[in-house]
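What follows is one structure encoded as structure tokens, with my remarks underneath.
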Amino acid sequence: MKWQGRIPPVTNVVIAISATLAGIIIALRFAPSTLTHENWSYASGTSSLSIVAIGVLTLIVVGLLFLKSLGARRYPRERELLEVFLEHIPDNVYFKDRDSRFVCISRAMADYFGLAGPEQALGKTDSDIFSSGHADQALADEQEIMRTGQSKIGLEEKETWPDGHESWALTTKVPLKNRYGKIIGTMGISHNITDRKQADLRIRYMALHDALTGLPNRILLEDRLTQAIALARRNQQSVAVLMLDLDRFKNVNDSFGHYVGDRLLEAVSKRLQASLRDSDILARLGGDEFVIGLPMVADNRGIETFAQKVLSKLGEPFRIEGHELKVSASIGISVYPTDGEIPEALLQFADAAMYQAKKERRGIYCFFTPELTEATQRRQKLENDLYQARARDEFVVYYQPLVLTNSGRITGVEALLRWNHPEEGLISPNEFIPQLEELGLIGEVGEWVLRTACRQNVAWQKEGIPRVRVTVNVSAQQFYRGNIVRTVRRVLRETGLDPEWLELELTESLTLDDSMTTTKIMQGLKRIGISLSLDDFGTGWSSLSYLRKFPLDRIKIDRAFMRDIPSEPAAEAVVKSILSLGRNLGLDCVAEGVETRQQLDYLQKQKCTEMQGFLFSPALPSAECGALLRSGKAGFVSVSDVQGDGFRAGGPSLSLVS
Ligand SMILES: Nc1nc2c(ncn2[C@@H]2O[C@H](COP(=O)(O)OP(=O)(O)OP(=O)(O)O)[C@@H](O)[C@H]2O)c(=O)[nH]1
Ligand SMILES: [Mg+2]
């Protein structure tokens, strides 16, 4: 690359004129004194004058030549510096003529353009290198600079290259002037800010999208819904908001791990995407909750057809990491303008409708109705009340007996938490235990249940009632987050209950989280001397491999299997194999949810040790359970003989067995 500008030389004419003038001045200065001091000879006076003049003149010429050589040496040095600068500066530096043609560019700029060297840019314009949009803008900027003489500082320039990659530069352009101040072109320096820009864009993207699926998040969703509502308003159309939540997704996580859960969420998002038109909106709000926005819908029939289509598409099995997974979803629907006019309201109402769908049956869609607002408000009120419930002493512990299948003798009682709400009365655990977990209150409440149950058992023992074990459920949060071993030890010490009479029930899904940690905690609990049972056995899929590892005393067969006995041979087969598995592993088995005589007959035949269910007794308040224990009555009683807790599913009264 060569610098094309001109540095003005010290011309020989200037030197000559300067030398002559200097010679004359010196000659005039010396001539009279020479005539005065030298004696008379005109010829000799003339010659000495000439000698002096020539000498001085020579000196001056030599001096000027020296100066010139200095000047000549200085300018190449500046050129050299400029060349070095352009060669090594990492930024794009350029000089352009008045036609916006490159006169000279830095090597970094040549690299940025993908040229072999800077000289290849000479004579080219931006339109030879950049896309037309960028080139036209740059030309307009430069023409304005040349017209006004004003610099442009900090221009952000974006370029999309033919291979699709994008780059950004921060550019400052100034007028290029000659030494007379005339604008002869432009020059500029631009810094490549692609990395920073990409990081900024990434942050912006992350702020508006869900990290797992890449779908818009709530913020972007609300923005898109606002636009869709504005469009629908202009066209007098409707917008449908469908809130979709997968059913029992927790089971997938618990049984196959979060990795598979995540892959399933991705697959669901892809399948949903495939069911949509380009103008439809799909977002993930978090967890297993998705929102679909349908702009410009004409009537509810279209929305229903769409919802049905989505449900049936999701119903097809997913193949994830070698597992075939079947999922269903529940959908709540709200519609603009009928239900609300702003995204927040529509989302809230769709959520209420979705909650209703879950409550009704799961796997269905449900439109919002104003009555649902009440249900939502009730739910929110209950949530607020939950915070106060402990302090207001509204929680109570009920006890459900566990009995031997062969004799009906009570061997234990399961402590079950109930909420005695001041306005609503007794509230079902299904309604508030998940919320206690969500609100992070389950640890505190769980410890209270443990203490109450242990204290109650001690009280019964002090009365001289035949001793029974009390079993207490432990949530995942209690098990993993607190120090459950220390808590149990402390509660036993405080209440004075012998560890032999305490059993903790761990749900099967809980134990699958982290087998190493789980085993360690379980061993810690066993060292205290309490027993451990695995609750809801059979509801997870991968539990068998853990059974051998965990120091368990018994397993509780989930009520779901009991329901179909004896009508379904498959259910019988499952219970039979669980019982034989338990026997082989040296574990006692407890059948949960036993409600009929036939079920009991079957369990007796299969030699299931213990059972629990309405056939013997529902969960009872402590006083009534105490009375039952005190009566020492062995055998199965009609459920109508004991006071229910209000949570029993409907069914016939049961026969009495002694
Ligand atoms: N794998 C995975 N799981 C998540 C993620 N976010 C939340 N979850 C889990 O998703 C589950 C969603 O719970 P819910 O929708 O309340 O419960 P569910 O088991 O689907 O039951 P229902 O919705 O009531 O039918 C919770 O167990 C969360 O721990 C995630 O990013 N990845
Ligand atoms: Mg769900």
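The values are calculated or read from the model by the stated rules, or taken from the named source; none is laboratory data. Keep in mind that what you see is a predicted model, and the values were worked out from it rather than measured. Every residue, glycine as well, gets a Cβ built from its backbone with ideal geometry; the counts of neighbours run over all protein chains shown.
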Practice prompt. Pull up the stretch 282-338, narrow it to residues that are exposed (fewer than 13 other Cβ atoms within 10 Å of the Cβ) and within 16 Å of ligand 2 (Cβ to nearest atom), then point me to the one that is nearest to the chain's Cα centre (by Cα).
Written response: GLY286
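Please count how many residues of the stretch 240-261 are closer than 21 Å to GLU222 by Cα and near ligand 1 (Cβ under 7 Å from one of its atoms).
Keep residues of the stretch 240-261 that are closer than 21 Å to GLU222 by Cα, which gives 240-245.
Filter once more, keeping what is near ligand 1 (Cβ under 7 Å from one of its atoms): 245.
Here the count works out to 1.
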Discussion item. Checking the conditions here, which among ILE410, ILE484 is within 30 Å of LYS607 (Cβ to Cβ) and crowded, with 22+ Cβ neighbours inside 10 Å?
Written reply: ILE410
Practice prompt. Determine which single condition GLY496 fails, assuming it passes every other condition in (1) at pLDDT 95 or above; (2) under 20 Å from SER407 (Cβ atoms).
Written response: (2)
Item to complete: Search the stretch 248-281 for residues being surrounded by fewer than 18 Cβ atoms within 10 Å (Cβ to Cβ) and either within 11 Å of ligand 2 (Cβ to nearest atom) or among the polar types (S, T, N, Q) (or both), and hand back the single one that is nearest to LEU346 (Cα to Cα).
Response: SER279
Practice prompt. Could you tell me whether any residue of the stretch 218-237 is more than 16 Å from ligand 2 (Cβ to nearest atom), surrounded by 15 or more Cβ atoms within 10 Å (Cβ to Cβ), at pLDDT 95 or above and in a strand (DSSP E or B)?
Written response: no
Worksheet item: Can you tell me how many residues in the stretch 352-368 are farther than 18 Å from VAL241 by Cα and in a helix (DSSP H, G or I)?
Response: 2
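Out of the residues in the stretch 369-390 that are hydroxyl-bearing (Ser, Thr, Tyr) and part of a helix (DSSP H, G or I), which is surrounded by the fewest Cβ atoms within 10 Å (Cβ to Cβ)?
Step one: of the stretch 369-390, the residues hydroxyl-bearing (Ser, Thr, Tyr) are 369, 373, 376, 387.
From what is left, the residues that are part of a helix (DSSP H, G or I) are 373, 376, 387.
Numbers: THR373: 14, THR376: 17, TYR387: 11.
The qualifying residue surrounded by the fewest Cβ atoms within 10 Å (Cβ to Cβ) is TYR387.
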Discussion item. Could you list, ordered by first residue, the pairs with Cβ atoms under 7 Å in which the first is in the stretch 413-430 and under 17 Å from GLU624 (Cβ atoms) and the second is of a type in the set (S, T, N, Q), at least 6 apart or interchain?
Written reply: VAL413/GLN400; GLU414/GLN400; GLU414/THR471; GLU414/GLN612; ALA415/THR471; LEU416/GLN400; LEU426/ASN420
